[in-house]
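The values are calculated or read from the model by the stated rules, or taken from the named source; none is laboratory data. Fair warning: this is a prediction, and the values are worked out from it, not measured in the lab. Please note: Cβ atoms are built from the backbone with ideal geometry, for glycine as well, and neighbour counts cover all protein chains shown. The accessibility values were calculated without ligands, DNA or RNA, using every heavy atom of the protein model including side chains. Shrake-Rupley method; radii C 1.70, N 1.55, O 1.52, S 1.80 Å.
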Amino acid sequence: MTEQYRPTKAVIDLGAIKKNLSAFQQKSGKAQVIAVVKADAYGHGVLAVAKTAIESGVTMLAVATPDEALFLRDEGIETELLVMGATPSSFISVAQQRNIIVTAVSLDWLSMAAMHVSPNLNRLNIHLKVDTGMRRIGIQVDEVDEALGFISDHDFAFKGIFTHFATADEEDSSLFLEQVSAMKAVIEKVDDPSVMVHVSNSAAAIMHREIACDAVRVGISLYGIAPSPYVGQEMDFELQPALSLETEIIHVKKVKAGEGLSYGATYRAEQDEWIATLPIGYADGMLRGLQGQEVLVQGRRVPIVGRICMDQCMIRLSEKLPVGEKVQLIGSQGGQRIFIDEWARRLETIPYEIPCILTKRVPRIYSDSTEVADLPFQEPDTMLR
Ligand SMILES: *Cc1c(COP(=O)(O)O)cnc(C)c1O
């Protein structure tokens, strides 16, 4: 990577991802873990995450779009790849050439695919998506017989069948249970044991291990983030957040009592205050709605004051600190921690959005907390001293 001169960066702990993955691999019994790496691995950087997952024994990655799958293939990733979203007719022969599994999302899609497969290439690998209640994409439950008939009459490689839950992260399990029982009836129609059945997202993999089937599709919690506060409270193991966001103070000054600062001068100093400027703003994903959010400096919480600008924002210090002082926006410092959930609450959104909105301008830097700690201790063969 080219040199980065601005101190703002997202540090991604690949060791945390390995630990989370291994927790899911352990908890899911014989079900394998499909690592969901769509949307640039939820903003964590898809290539590094994909390689880490593969090193940890993952044999299938899931993405949302054909282009995300092609990117991984172009980067030399040879693992099985599932595109969970709908794919257009123009992608069918590409999927055959590049060995990418596509999702059959409707009866019309199946006819389309049958028309566009190239007989001279390897068969098209498909997973059948069944809509049991999410009402987004997928074959309706009462169309499953027809879909299975169509698949067996055509030359597809039928590799899997799956569904997606709408409310697996909520306390009220009524819709979830309806979806489970609808899917149970669907699975009974598939007699080929080589067809992989997968239903669980992170929330279901955490809260409902009994339905794991052949594989679970783990996205958000691979990155150490609980799908919802409810799941975070109820879960019986720890997730380790992989992403932290840090920068440094680039400017410090005393603002006199009564003076305003930033656009609109909406914030006014109540007394003489030390105000520091940070090189991060809404063009980095530090949205204006985060005004008032705290950051960590010297292990203490201090507030962002005034409006957040495109490239910079201001914080109020309790004393003068030098330019170059480390600032933690997300993550831990001196025993204090700021989780992604805290940003999500302030922005009145879900934690999923937070890593996804960190823009390309924020470099992703990789570390591995397990690299040193997990090396097995080896007895030396001979003792020199
Ligand atoms: C994104 C996605 C997942 C992963 O969900 P998480 O809640 O992030 O674990 C699984 N399946 C489908 C179909 C998805 O779109």
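First measure r as the distance between the Cβ atoms of residue 181 and residue 357, then evaluate 1/(1 + (r/R0)^6) with R0 = 41 Å and state the FRET efficiency to the nearest 0.05. If you can, show how the numbers build up before the last one.
On the way: r = 37 Å, r/R0 = 0.89.
Step by step, r from the Cβ atoms, then E = 0.65.
Using only Cα atoms, figure out Rg for the range 243-367 and give it as a multiple of 2.2 N^0.38 Å. Could you put the intermediate results ahead of the total?
Numbers: Rg = 14.0 Å, N = 125, 2.2 N^0.38 = 13.8 Å.
That ratio works out to 1.02.
Here's the list of lysines a cross-link from residue 184 could span, going by alpha-carbon distance under 17 Å and ignoring same-chain residues fewer than 8 apart: 129. Across the range 294-333, the convex hull enclosing all Cα atoms gives 79 Å³ per residue. Between 198, 220, 186, the Cα set farthest toward the positive side of the dipole of the range 136-243 (charges on each charged residue's Cβ, about the Cα centre) is that of 220. Loop sites by DSSP among the GluC sites (Glu not before Pro) of the chain, restricted to those with at most 11 other Cβ atoms within 10 angstrom, leave 79-170 as the longest stretch without any of them. Find how many whole Å separate the alpha carbon centroid of the range 274-299 from the alpha carbon centroid of the range 165-234. Here the two parts' Cα centres lie 37 Å apart.
For the range 31-222, with all protein chains in place and a probe radius of 1.4 Å, 49% of the accessible heavy-atom surface sits on carbon or sulfur. Remark: the chain projects, on average over all directions, an area of 25.5 nm² (convex hull of Cα atoms). A Förster radius of 22 Å, combined with the Cβ-Cβ distance separating residue 283 from residue 325, puts the computed FRET efficiency at roughly 0.45. For the range 244-385, the solvent-accessible area works out to 57 Å² per residue, with a probe of 1.4 Å and every protein chain left in place. Using the Cβ-Cβ distance between residue 79 and residue 120 with R0 set to 22 Å, the FRET efficiency works out to roughly 0.30. Per-residue ellipticity at 222 nm computed for the chain from its helices equals -7500 deg cm²/dmol, with DSSP H segments shorter than 4 residues left out and the rest contributing -39,500 (n - 2.57). Accessible surface area normalised per residue over the range 11-147 is 41 Å², counting heavy atoms of protein chains with a 1.4 Å rolling probe. Zone of residue 367 (label point 7 Å along Cα→Cβ, backbone N under 18 Å): which residues in the range 284-309? Under cut-off, by backbone N: 295-300. Candidates 363, 262, 239 compared by Cα position along the dipole of the chain: farthest toward the positive end lies 262, with charges placed on Cβ.
Basic side chains Lys and Arg get +1 at the Cβ, acidic Asp and Glu get -1 at the Cβ, and with that the dipole of the chain about its Cα centre reaches some 1420 debye.
A quarter of the convex hull surface defined by the alpha-carbon atoms of the range 31-222 gives 10.4 nm² as the mean projection.
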